[in-house]
Every structure is written in structure tokens, then in C-alpha cells.
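Take a look at the structure set out below.
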Amino acid sequence: MLMKFIISAILACFLFSSFSLGQNIRNIRISFNKEDFAIVENGVGQMVVQSEKSNVMFKSDTLSPAIPYIGINVVVSQSEEYASVTLSGDDVVVGEDIMLAANPKYVFSNSTKKNIGVIDTISYKKTVYPNKSVEYVGCGKMRGYKILSFRVSPFRYDARNKRLFFKNNIVLHLKTNGNKTKGISNCFEEMVRRLVVNGDEIKTLYPTSSVKNIIPDYYEYLIITSESLKPTFQKLANWKTQKGVPTNVLTTAEIAVGFTGSTLQEKIKNALKYYYDNSSGMFTYALLGGDVDIVPTQICYAAYNGDARNMPTDLYYACFDIMDWDLNGNGVYGEIYDKSDILPEIYVSRASVSNVLEAETFVDRVISYESNPLWTNNAKKILMAGTKRDIEFVSNLGYMGIASDSQVHSYYLYKWYVEPYWDGDKVEFYDTHTNFPGDGNYDFSATHLQDKLENGYGFVHIMTHGNPWLWKMEPANDYYTIYNASSQDNQGETIILTSTCLTNAFDSVSTCLSESFMRNPDSGVLAYVGCSREGFGTTDILNIGPSNIIDGLIMKNIFNLKDNNFARCVIDGKCACIACCYDYDNPYRWLLFGINPMGDPEMPIYTTIPQVFDNVEMAYGINGHYIHTNIDSCRICIMGRDNTTYLCSYNVSSINGYTLSDGEYNICITKNGYIPYNRIFGINQGVYIQNESFNANIDIVNPDVYIGSDVKPSTLQGPVTIHERSSVKICASNGVFIKNDFEVKTGATFEITQ
């Protein structure tokens with residue numbers, strides 16, 4: 001049964017602080033109102049405290065009652081050190097004569113073991129639980145912001161008298177030592193503000209920098225790859241730089257001779273830190289451009305409840321405050337005893353390609369999506385799909401009847417993390433219910449799933465069993481395998497998330513399921529989010545499990561963040577559970593290490609019909625030039641086509657008064673949710689298009705335009721190609737001269753006006 005009260009954990013925090021003689025005291029009021037907690041019977045006479053709070057966790061001691069903890073983070077100045085913490089509040093009885101179930105034993109998503117709600121009634125040894133209502137668990141730094149993490153429980157359980165209490169008017173009393181010094185805010189400020197409970201203090205501790213322009217010769221994005229793949233990834237770097245994200249390509253061979261370290265992994269990490277230290281705060285994204293034989297991953301240690309794994313962990317490359325993740329020198333990276341800093345300074349993701357053709361597939365797909373996304377009938381839809389992993393429930397999810405655990409957990413995942421932030425359409429495809437003809441009789445089979453994926457859903461979430469090569473389907477002995485993924489012909493562009501086990505095990509097999517999707521030139525799969533080892537689930541109806549919670553947090557970021565760049569959404573989602581990642585007492589550290597995002601880290605994600613810049617004003621004159629977008633918060637980049645000039649301003653609607661010398665230039669205007677606006681023009685000279693491939697939409701506006709393989713002897717000769725889905729529009733008052741080796745591919749647009 002559901003008890004009559006429902007308790008909310010919406011955090012409304014108020015900060016009172018003082019300091020003397022180098023000791024700082026913060027009193028942070030954490031107000032819990034009525035909505036996010038519920039107490040339900042588990043079917044065997046025990047009661048379970050459940051919540052849709054994103055960072056609720058339980059201890060691993062299955063001989064103690066399941067008292068939920070909530071992760072709390074506090075930002076402090078860089079010079080402060082943790083001293084002590086206590087919690088105060090008013091205990092209110094919220095349950096009489098109840099027997100709390102024991103702490104859940106989270107199990108691997110591919111296991112059939114049962115979880116919370118199936119443990120026999122036990123006699124708890126102690127009288128009152130928990131021992132501590134608040135625990136300090138660890139400290140980390142994220143791009144200079146220092147963050148202390150705690151676990152807070154608003155509940156107290158009197159096991160002898162079977163009474164459950166809840167704390168009202170909670171105040172977190174935190175003491176730190178050291179003077180409060182000031183740092184500088186940066187591009188992670190909004191992430192930190194979402195992560196901590198004292199966000200209002202950020203402006204005091206880390207004042208905003210006044211820098212508005214990106215400085216030439218500094219990089220915001222770095223691609224690491226091999227010598228053979230460098231020319232292909234250079235195309236991606238050129239596109240990113242053109243749109244105002246200065247990007248450099250660095251090979252592992254260059255890193256091997258140019259940076260120190262006992263392993264290539266350490267040298268790569270040192271190279272990334274060098275760029276971070278020497279970029280005036282601009283360096284934000286890194287792409288590992290290749291499979292592990294091209295760009296190795298760092299194998300780290302993860303454990304839970306007696307199970308341990310060697311985990312591929314690309315997060316290793318993103319954390320610079322403690323560089324050595326093998327501090328005790330035993331050859332095992334990422335142990336608790338190594339005191340590894342696990343909060344990132346940059347956003348890292350991987351393109352797990354193995355040759356030039358696969359790299360071209362990845363690069364072309366990213367550029368096409370960013371510059372001119374396909375917008376099919378299903379682009380603003382999410383396919384929520386899966387089949388029973390362990391049990392079925394009798395539940396009313398808008399329709400009465402039996403529902404598999406995957407369907408029930410997917411229902412709550414969408415309700416809690418997606419529906420409040422997105423007005424798209426959910427399409428359900430489960431073993432027990434579908435939105436397709438036949439409803440539950442329409443099998444969740446490999447054939448049917450292939451058919452649905454080829455319709456081009458913008459987003460897909462899969463919940464089932466898995467291994468490196470497959471997803472388990474509903475019919476017996478039916479699997480969606482790497483062969484299905486490699487033969488898929490998607491009519492749209494898709495981002496896949498999955499809470500299944502092992503399907504992103506890119507380090508252990510030659511081609512895992514995620515790689516098969518990403519390498520297929522016809523799959524349309526832009527990005528893949530899944531664990532490289534086992535995920536974690538439950539058999540409890542409202543406890544959707546750690547893997548689904550992290551998927552939900554990532555999806556919330558995709559649909560809610562203003563700057564929803566791919567790796568930002570994934571990493572921020574994982575870091576929301578950072579207070580649960582400082583020990584082996586729960587699965588979240590495992591998932592922090594094991595969920596490695598596959599895709600372009602900087603790629604903005606379209607969640608609705610893209611808008612266009614349809615009212616851009618430009619003028620060039622003797623008193624300077626101006627660009628007016630008439631839209632707020634844009635990034636405007638002007639780049640000389642000979643790479644001698646580079647000016648980029650961000651969070652602006654216009655730029656005025658700049659001057660340009662004679663020459664050819666490219667202007668690119670971007671904003672998340674908008675198709676980039678590109679224009680090529682000349683100052684006191686013609687525009688020459690030679691040895692170029694167009695994968696993006698672009699306008700060429702100039703009195704005289706010349707196109708062909710050899711229209712300008714002073715530059716490298718080569719053909720001009722306009723690729724499928726690209727649009728090149730030329731406005732030339734004096735006309736267009738076309739000479740030799742000019743090709744417009746089928747599906748491209750080429751238009752000339754005067």
C-alpha cells in the first residue's frame with residue numbers, strides 16, 4: 001500500500017556564513033517540502049522509501065534498513081579545507097509500526113537476481129538508524145571550482161519501536177579552515193551552479209571574467225588521432241574553427257615525442273593539460289579520434305559488492321588537478337586509495353573508428369548534422385523501447401494490465417527526466433505494450449526494431465539485457481546484433497542511449513554494438529551513450545536503478561540545457577551523482593568510469609525544429625564593418641580564408657566597428673537550436689573557390705566569384721565539390737566564372753543570383 005503522506009525533496013537553500021581567525025562557518029538551510037519521497041509496501045510486508053530524486057542512494061549494507069541518502073555539494077574557495085559538518089532539524093513522525101526493508105543490493109542489469117523488496121524480514125541490531133545524518137565523503141576541483149561533497153539523510157528510523165521520522169527545517173553546518181580567496185568564473189559556472197546547494201555564493205568566491213573575445217592561437221577544442229587519420233579529422237577541425245570553435249589536430253606520434261610520461265596515456269593526458277594551462281581558459285573539448293589501438297583508453301579499477309572490473313575510462317584524460325591516478329604505485333589506476341580527482345576540467349568523448357573510411361563517415365555525419373540537420377517526421381520523437389529483464393508488474397501506466405520492468409522503469413524515467421523539459425513525442429515499444437498495431441502482440445524483435453530505427457527517430461532509449469555484440473529481444477533466442485547495426489539504413493539522425501550492459505565495450509572486442517552503429521555510413525547514428533561494462537538495475541517498481549538514473553540525468557540535460565553540447569550533457573549528468581562516487585559503497589563510481597560517450601564532444605543537439613538566421617544585416621565601409629544578427633546570445637566568427645585573420649565574439653547579438661584589410665573572408669554565426677549562418681565575401685577583390693568541398697550550407701556574396709580547380713594560381717589547385725544535402729547560393733552582381741572540375745552531387749543545391 002501507499003502511505004498517506006508524500007514528502008518532497010526540492011532543495012530550497014539559504015546560506016548564512018561567518019568567519020574568524022581563518023575558520024569559516026556556513027549554515028546552509030535545506031528545505032524539504034512535500035513531493036519527492038513516498039513510502040510504499042514492497043509486496044512482502046516491508047516498507048520502502050522511494051524517490052525520484054536524481055542523487056538518492058542507499059548504503060550497501062543489506063543488514064541495515066534502507067535509509068535514503070541525498071548527495072549534497074558545496075562550492076568553497078580554493079584555499080579552504082574541510083574541517084567538520086553537522087546537521088540540525090526538527091524530527092517529525094511520518095510512520096508508525098512500519099518495518100523498513102533492508103538496503104537494496106543493486107545487481108547487474110544482465111542478472112536475474114532479485115533486489116529490494118524480496119529480502120526476508122530481519123531484526124536490525126541497532127536501535128536507531130542511520131549512525132550519522134550527514135557524512136563528508138570527498139573533495140574535488142572542477143576547472144578551478146573547489147567542491148566538497150556530502151551525503152545527507154532527512155530520515156531517522158527507530159527500529160525497536162518501528163517509527164520513521166523525517167527532518168524538517170534542516171540546516172547543514174559546515175566549517176572550513178583557511179581564508180576565503182577569490183578565483184575566476186569560467187564556462188563551467190552554470191554546471192557548478194546546478195551541482196551545488198550554495199550557488200548564490202559562486203559570484204562572491206569566483207567573480208565573472210570580463211573576457212568576451214576568443215584570443216587567436218588558443219584552442220577551444222583538440223582532436224587526438226593518428227597520422228593516417230589526421231587529414232580526415234582536419235576537415236572536422238576546419239569546420240569547428242570556421243564556426244567559432246578554434247580547433248587543433250594533434251597526433252599520437254607528435255605527443256609521443258613532445259610530452260613526458262611513462263605510458264602513451266600519461267603523455268596524452270600531459271598534452272591535454274598543457275593545452276588547458278595555456279589557453280586562457282578557452283580549452284573545453286577533446287575528441288579521442290580512434291579506437292583503442294589508435295588512441296588508447298586508460299584502464300581503471302571499479303568495484304561494487306565484491307565484484308570488480310578493469311574499466312575503460314576516458315574520464316582519466318579530463319581531470320587535471322591530480323594527474324597521477326596510480327598514486328600508490330601498484331599499477332592499478334583509479335582506486336579509492338589513489339585519491340584520484342574525478343571531477344573534469346574538460347569534456348572528453350571518443351570517435352571509435354579504425355580506418356579512414358570510418359573516420360570520414362563520422363566527420364561527414366557530424367558536419368552535416370550541425371550545418372543542415374535532416375528533420376524527418378520522427379526527428380522530434382523519442383523511441384522508448386525494451387523487454388523484460390527480471391519481472392513484470394501489475395501497474396496502471398495510462399493503461400491497465402501487466403507491464404515488464406523495462407516498460408515501468410522507462411515510464412518513470414521519461415516522466416521524471418524528459419517530460420517536464422520537452423514537448424516532443426514519446427513512442428513506446430516494449431514487450432508488454434507498444435504504440436504500433438497489435439500493441440503487446442507486436443513483438444519487440446530484431447526485425448521490428450530494425451524497421452523502427454530506420455524511420456529516423458531523433459532519440460532512442462533501449463532497456464534490456466546485453467553484451468558487447470547485442471541487445472536481447474523479446475522472442476526466445478532473438479537478438480539485435482552488430483550485424484543488424486552495420487546493415488541499418490536510417491532515414492534520419494539518431495542519438496542512442498541505453499542502460500544495458502557491455503554494449504559499449506570498445507576496448508575488449510574488435511567491433512562492439514556502439515561501434516557498429518557509429519561506423520555504418522547509413523546508420524545515421526550520431527552518438528551513443530552506454531556502459532562499457534555492466535550496468536545496474538533493480539526489481540523495485542519505483543526505484544529505476546542507477547543506470548537509468550544517470551541516463552535520465554543525461555536526457556534531462558539534452559532537453560533542458562541552453563548549451564546542450566553532447567559531451568557536456570553526458571559528463572554533467574554523470575557528475576550530478578558525484579557525491580556517490582567517492583567510495584565503492586554504491587554503483588555510481590562504477591558508472592562514472594564505465595559510461596564513455598561516443599560522439600563529437602562539442603556537437604550541439606537539436607531537440608526541436610531548427611531555427612534559421614533570416615534577418616542578418618552586414619555592411620562593409622571605410623568607417624569599419626558591422627554584423628547585426630537581431631538575435632541574442634550568438635557566437636560570431638570572422639575568419640580570413642587564408643587563415644591570417646581570426647575574430648570571434650560570443651554571447652553577442654552584433655559586432656560593430658571592426659576593420660578588415662583587403663582579402664577573402666568567411667563569417668559564421670551560430671547559436672544552439674539554430675542552423676549556422678555562413679557567408680563568404682571579399683574586401684576589394686573577387687572570391688575564388690578552389691580545392692574545396694562543401695558539406696555545409698553557405699552563401700557567397702561578392703561582385704565577382706570564380707569557381708574551379710585552377711581559378712587562382714597562387715593557391716593549391718583542386719576540384720570543387722558540393723556534397724549531398726549541402727546548399728551553396730551565390731549572389732554576384734558581375735557574374736560567376738566556372739572553370740574545370742566543379743561538381744554538384746545528387747541531393748545538393750547550387751543557386752546563382754545577381
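The values are calculated or read from the model by the stated rules, or taken from the named source; none is laboratory data. The shown structure was predicted, so the numbers you read here are calculated from the model rather than taken from an experiment. Backbone-built Cβ (ideal geometry, glycine too); neighbour counts: all protein chains shown.
Structural remarks
- Filter result for residue 519 (over 20 Å from the mean Cα position of the chain (by Cα) and of a type in the set (D, E, K, R)): yes
- Options 371, 354, 349; residue that is surrounded by fewer than 19 Cβ atoms within 10 Å (Cβ to Cβ) and either polar (S, T, N, Q) or assigned by TED's automatic domain parsing to the domain that holds residue 265 (or both): 354
- In segment 668-694, residue modelled with the highest pLDDT [restricted to those that are polar (S, T, N, Q) and in contact with a Lys or Arg (Cβ under 7 Å, 6 or more places away or on another chain)]: 670
- Out of 287, 272, one residue alone is closer than 23 Å to residue 505 by Cα, touching a residue at least 60 places away in the same chain (Cβ under 8 Å), not assigned by TED's automatic domain parsing to the domain that holds residue 572 and not in a loop (DSSP other than H, G, I, E, B). It is 287.
- Taken over segment 83-111, the criterion of being out of contact with any Lys or Arg (no Cβ under 8 Å at 6 or more places or on another chain) and hydroxyl-bearing (Ser, Thr, Tyr) is satisfied by 86, 88, 106, 111.
- Residue match in segment 86-104 (condition: surrounded by 16 or more Cβ atoms within 10 Å (Cβ to Cβ), at pLDDT 90 or above, in the same structural domain as residue 131 (by TED's automatic domain parsing) and of a type in the set (Ser, Thr, Tyr)): no
- Of everything listed in (1) surrounded by 20 or more Cβ atoms within 10 Å (Cβ to Cβ); (2) of a type in the set (Asp, Glu); (3) in contact with a strand residue (DSSP E or B) (Cβ under 7 Å, 6 or more places away or on another chain), the single unmet condition for residue 572 is (3).
- Some residue of segment 480-494 being among the hydrophobic types (A, V, I, L, M, F, W, C), touching a residue at least 24 places away in the same chain (Cβ under 8 Å) and within 29 Å of residue 370 (Cα to Cα): yes
Conditions (1) modelled with pLDDT under 85; (2) out of contact with any Pro (no Cβ under 8 Å at 6 or more places or on another chain); (3) surrounded by fewer than 21 Cβ atoms within 10 Å (Cβ to Cβ), marked per residue:
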{"residue": "109", "(1), (2), (3)": "yes, yes, no"}
{"residue": "112", "(1), (2), (3)": "yes, yes, yes"}
{"residue": "115", "(1), (2), (3)": "yes, no, no"}
{"residue": "121", "(1), (2), (3)": "yes, yes, yes"}
{"residue": "140", "(1), (2), (3)": "no, yes, no"}
{"residue": "162", "(1), (2), (3)": "no, yes, yes"}
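- Failed item in (1) farther than 22 Å from residue 283 by Cβ; (2) among the basic types (Lys, Arg); (3) surrounded by 22 or more Cβ atoms within 10 Å (Cβ to Cβ), with residue 679 passing the rest: (3)
- Failed criterion for residue 573 (all others in (1) without any contact (Cβ under 8 Å) to a residue 24 or more places away in the chain; (2) closer than 30 Å to residue 107 by Cβ; (3) over 11 Å from the mean Cα position of the chain (by Cα) hold): (3)
- All positions within segment 311-325 that are surrounded by fewer than 19 Cβ atoms within 10 Å (Cβ to Cβ) and touching a strand residue (DSSP E or B) at 6+ places or on another chain (Cβ under 6 Å): 321
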